[in-house]
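Read the figures in this text as sums done on the coordinates, not as results from a lab. Because the structure is a prediction, the values reported are computed rather than measured. Glycine gets a Cβ as well: all are built from the backbone with ideal geometry, and neighbour counts include every protein chain shown.
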Amino acid sequence: MEPRIGVFVCHCGTNIAGKVNVEEVANFASTLPYVTVAKEYKFMCSDPGQSLILEDIKQHKLNRVVVAACSPTMHEPTFRGVCQEGGLNQYLFQMANIREHCSWVTEDEESATKKAKSIVAGAVYKATYLEPLEVKKVKINPNTLVVGGGITGIQAALEIADSGHKVYLVEKEPSIGGHMAQFDKTFPTLDCAACILTPKMVQVGQHKNIKLFTYSEVLEVSGYVGNFKVKILKKARYVDPDKCNGCGECALKCPIKVPSEFDEELGMRRAIYKPFAQGVPNLFTIDKEHCTKILKDKCGLCEKICPREAIDYEQKDEIIEVSVGAIILSTGFQIFDARQMPQYGYGRLDNVFTSLEFERLCSANGPTGGKIVLKDGTEPKSVGILHCIGSRDDRFHPYCSRVCCMYALKYSHLIKEKTGAEVYQFYVDMRCFGKGYEEFYNRLLEEGVHFVRGKAAEVTDFAVYKGEEGKLIVRCEDTAIGAIRRIPVDMVILANALEARDDAKDIARIFSINTGADGFFIEKHPKLAPVSTTTDGVFIAGCCQGCKDIPDAVAQGAASASEALSLIDRGVVEIEPYTSVIDADLCSGCKTCIELCPYSAIEFDEEKNVSVVNDALCKGCGTCVAACPSGAATARHFTDKQIFSEIEGVLA
Amino acid sequence: MKYTYYPGCSLEVSSKSYSDSALAVSELLGVELIELEDWNCCGATVYLSYEELISFSLCARNLALAEKYDRDMVVPCSACYTSLKKTASYIQENAELRNKINQALQAAGLEYKGKVNIKHLLEVYVNDIGLDAIKSKVKRELKGLKVAPYYGCQIVRPLHGFDDPENPTSLDRLVEALGATPVYFPNKTSCCGSSLVATNEELAFRMQKDLLLCAARNDAEVIITVCPLCHMALDAYQKGVGKMYGFKFKIPVLHFTQLMGLAFEIPSKKLGVKTGLVPLNKALSAYI
């Protein structure tokens, strides 16, 4: 049947029409071979836009459709749906991207229009040779993997488990809880962080639908949406989880002291330890980097003392394989290393603390039992809180970390409440955007906190004026009064930036997703698909996607759970039929493709002496197509004929 | 190693001892300093803030002259270093400015293409020669001598210099290599106020007071500088500053090359260590 192509050029408001002369493009399209009808419209993706296409399919008996609009990642599914509705196979649709590839990146209107014509011609020429393809339907495994057991991962896991589906929750540390477990209070309500978090942790530990892997990491992921296979490394904790009841006798006797990671190294833990008393699971773990029994075969006290004989120095790392249909990543953040800005004295001047260190100082289960004290054990009489350390700074992170203003207010309140000290905030802008946040700011203004508008330039211990001796002096330009100020304080707290974890790139690689320029994972669409990724079935939530506070992180945790559940409840998933196919008549059986295939998707049929592609495993990368010496391999929807025709169109 | 040497005006007259000691130390370290023929004043930073184009052209003339040789250009004065480096990078980044400056240079039959690499003398010693080589030349370790390593405000700024702009350490490490002890000196990159002495003496003295106090409080026996202007600010005005603020102490100020020379046992006369206005103290006299 001769191709009858309809071309529909979208204005996208002024996004495209502002640069591209859409009418001229549509007129040009109507002159191209096999084009039966060509039209332009303000918003092709809108309801009237879609109806317009639908009517033309019927009226002009179109058998190919080209829409010149935005990126196919945005609206290809929309227009494929229109084709289907019009009775066309959805793969007889071709998208021409004249927005991201043209109007948004071209300054001159004339050249933008010229480029748009070339793009449209390419699409039309390709469409001429499009072939109908059948979507493959695959059953979805109803289990979900959640990676990262902070508040986001906990929320996601509970939502899914409560709906009756199985969840595997993997956490790197010996306990779940994440950063929130380190906090004392939460802004702006001043809820005790432990009081609202630990019950959820217990729920996770006891839930019949949650299989918890702590002290574990994901090594490898294979498969595709609905059918992932995941390899989990369960590190040896040298304690039998079935026997240990968390009594803690072992830690009392263990002679090795190690700075506690959970307490930001302000306190000590033992080589056999539980990060914090309320940790879940209620299990102890031996840190093999420090245990002398494991390092040098000396000691063994914990084995002797354990009343339940739970210590097992012979325990080995285990690799466990699970199958899941959906994956949620909630791997969190780390904080900016303030040593990179030596002018603030962190690591050099005793009483300069990071935000997380202060959380531990303030926390009732922290190293000082919740007393806010200086390194010499005395209470500070004045405290300076320095905003935007490493955030909103082109040298480090251009973005705003979104939580610092608010926790700085929280700290101010807690400091005043516990010590009565004077508090100085050195801020650039106060960003109190959330529900109840501005009100909290007003409350702190009334509590008598000093707000100094100016980014601190330096913290020094060099006293110049009376009253500065023995203090930390914060120098800054107070832009509200236009003067350089020196404010002496006893304690400095740095509001250091939240940043992507050092291993974010490795995690992204394992799960085939991407990181942005800021290092965080990229969502599929910043507004309309905030927890999806470009890899179907893999979702992201919480601070691994970008800086956010607890309410936003929890909301994303729940959102990702809902996305995963919506996927699971579909039961079957449609797989794009962009796979390779090997023509058995042409295949010489050289096996070149088998060795090159990055997904091990090609098998060899010994009987027929030919290579065969496994559709379920093939990702359609085209490596075999390029490599096949006899031209037997073809990539569906990207055949040589289609691509050469497209090039011809672009150059025509 | 051969370098084009740009001494700058200060080293010709007021800081002759810096020049003498730098040449003596360089010779010993195998650093051949070949003075740039017919060099002119860099205009210093003051001119830069007054009339950019002329100031850039002044510097560019030196750069154009230096470009004839395939050598890095070494500068002992922080003000010259900043002016020349700033000019070079502006010319690199701004084609319009480059054209304007080259038009000006044309009058003198010169052109600057942008190829000269400018280094401070401290950078050459620490990075090109290296602390190990310096250590190997030390004949008399300055054991126990407490030194305030003063970098001043210009050597590490603007960014992309050879050391951390907020907390430089190259001079501290050099002091250690000589066997001496760098004292805690939190004001090590604060400005000495030298360019303010003529216009706002009170403010300049206040800035110098902070530097001297900081050195004294940390028990420094000598302050070393990497810039003739810093040296002048702390040495020549120390008496006046002390009088204004009632100081009971005097701290000798040496060019860092003089301290190196003492450790290398170069005759102190050749180094000009006694030409400073603040007399040497006991701790230093022991090495003379």
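Using 14 Å as the cut-off for backbone N distance, which residues of the range B:4-42 belong to the label zone defined by a point 7 Å from the Cα of B:Lys270 along Cα→Cβ?
Within reach of a label on B:Lys270, which here means backbone N under 14 Å from a point 7 Å along Cα→Cβ, the range B:4-42 contributes B:20-31.
Is any helix in chain A, taking whole DSSP H runs, at least 24 angstrom long along its axis by alpha carbon and on average at least 0.0 on the Kyte-Doolittle scale, and which ones?
Span-like helices here: A:550-570.
Counting every Cα pair in chain A, what percent are over 50 Å apart?
For chain A, the share of Cα pairs beyond 50 Å comes to 28 percent.
Straight-line reach from A:Lys371: which lysines fall under 21 Å, measuring Cα to Cα and dropping same-chain residues less than 8 apart?
Excluding near neighbours in sequence, the set is A:Lys185, A:Lys381, A:Lys410, A:Lys416, A:Lys418, A:Lys471.
Stretched out fully, how many nm does the piece from A:Asn209 to A:Ala517 gain, at 0.36 nm a residue minus the Cα gap?
Value of the extension gain: 107.2 nm.
Roughly how far apart, in whole Å, are the Cα centres of the range B:176-212 and the range A:594-652?
Comparing the Cα centres of the range B:176-212 and the range A:594-652, I get a distance of 71 Å.
What is the spin-label model distance, in nm, from A:Asp585 to A:Phe604 if the labels are put 7 Å beyond Cα along the C-beta direction?
The two pseudo-label positions are separated by 2.5 nm.
Can you give me the distance in nm between label points at B:Glu111 and B:Leu277, each placed 7 Å from the Cα along the Cα-to-Cβ direction?
4.8 nm
Looking at the range A:218-262, which trypsin sites (Lys or Arg not before Pro) are DSSP coil and have at most 11 other C-beta atoms within 10 Å of their C-beta?
none
Equivalent ellipsoid semi-axes for the range A:5-135, as square roots of 5 times the alpha carbon gyration tensor eigenvalues: give them largest first, rounded to whole Å.
Taking √(5λ) for each eigenvalue gives 22, 15, 13 Å, largest first.
Taking chain B as the reference, fit the longest principal axis to its C-alpha atoms, fit the long axis of helix B:201-217 to the helix C-alpha atoms, and give the angle between the two in degrees, 0 to 90, nearest 10.
50 degrees
To the nearest 10 degrees, how steeply does helix B:52-66 sit against the main Cα axis of chain B, on a 0 to 90 scale?
The answer is roughly 90 degrees.
Counting other Cβ atoms within 10 Å, keep those with at most 12, restrict to DSSP loop, and tell me which GluC sites (Glu not before Pro) in the range A:68-133 are left.
A:Glu107
Report the calculated FRET efficiency for B:Leu28 and A:Asp297 (r = Cβ-Cβ distance, R0 = 51 Å), to the nearest 0.05.
Efficiency, rounded to the nearest 0.05: 0.35.
If the cut-off is 17 Å between C-alpha atoms, which aspartates and glutamates fall inside it for B:Lys137, apart from same-chain ones fewer than 8 positions away?
Hits, sequence-local ones excluded: B:Glu27, B:Glu32, B:Asp128, B:Glu176, B:Glu265.
Report the gain in length on full extension from A:Asp242 to A:Asp47: 0.36 nm times residue separation, minus Cα-Cα distance, nm rounded to one decimal.
Going from the current span to full extension adds 64.3 nm.
For an R0 of 22 angstrom, estimate the FRET efficiency from the Cβ-Cβ distance between A:Asp393 and A:Arg339 and round to the nearest 0.05.
Calculated value: 0.90.
Residues of the range A:530-573 with the amide nitrogen closer than 16 Å to a label point 7 Å from the Cα of A:Lys619, along Cα-to-Cβ, please.
Residues A:533-539 qualify, since their backbone N sits under 16 Å from the label point.
If one computes the Cα centroid of the range A:371-404 and of the range A:121-150, what distance in Å separates the two points?
Answer, in whole Å: 46.
For n ≥ 4 DSSP H runs only, could you compute -39500 (n - 2.57) per run for chain A, divide by its residues and tell me the 222 nm figure to the nearest 500?
Result for chain A: -8500 deg cm²/dmol, rounded to the nearest 500.
Select from the range B:145-226 those GluC sites (Glu not before Pro) which occupy a DSSP coil region and have at most 15 other Cβ atoms within 10 Å, ordered by residue number.
Those satisfying the criteria are B:Glu166.
Assuming R0 = 60 Å, what is the FRET efficiency of B:Asp70 and A:Arg308, from their Cβ-Cβ distance, to the nearest 0.05?
That pair, B:Asp70 with A:Arg308, gives E of 0.20.
Which order results if B:Leu280, A:Leu374 are arranged by neighbouring Cβ count within 10 Å, fewest first?
Fewest-to-most ranking of B:Leu280, A:Leu374: A:Leu374, B:Leu280.
Hey, how many Å between the Cα centroid of the range A:172-219 and the Cα centroid of the range B:227-277?
Measuring centre to centre over Cα atoms gives 62 Å.
Just tell me which aspartates and glutamates come within less than 19 Å, Cα to Cα, of A:Lys208; anything on the same chain fewer than 8 places away is out.
Of all the aspartates and glutamates, those that pass the test against A:Lys208 - Cα under 19 Å, at least 8 places apart if same chain - are A:Glu159, A:Asp162, A:Glu171, A:Asp242.
Report the relative contact order of chain A, percent, no decimals, based on alpha-carbon pairs under 8 angstrom and at least 6 residues apart.
14 percent
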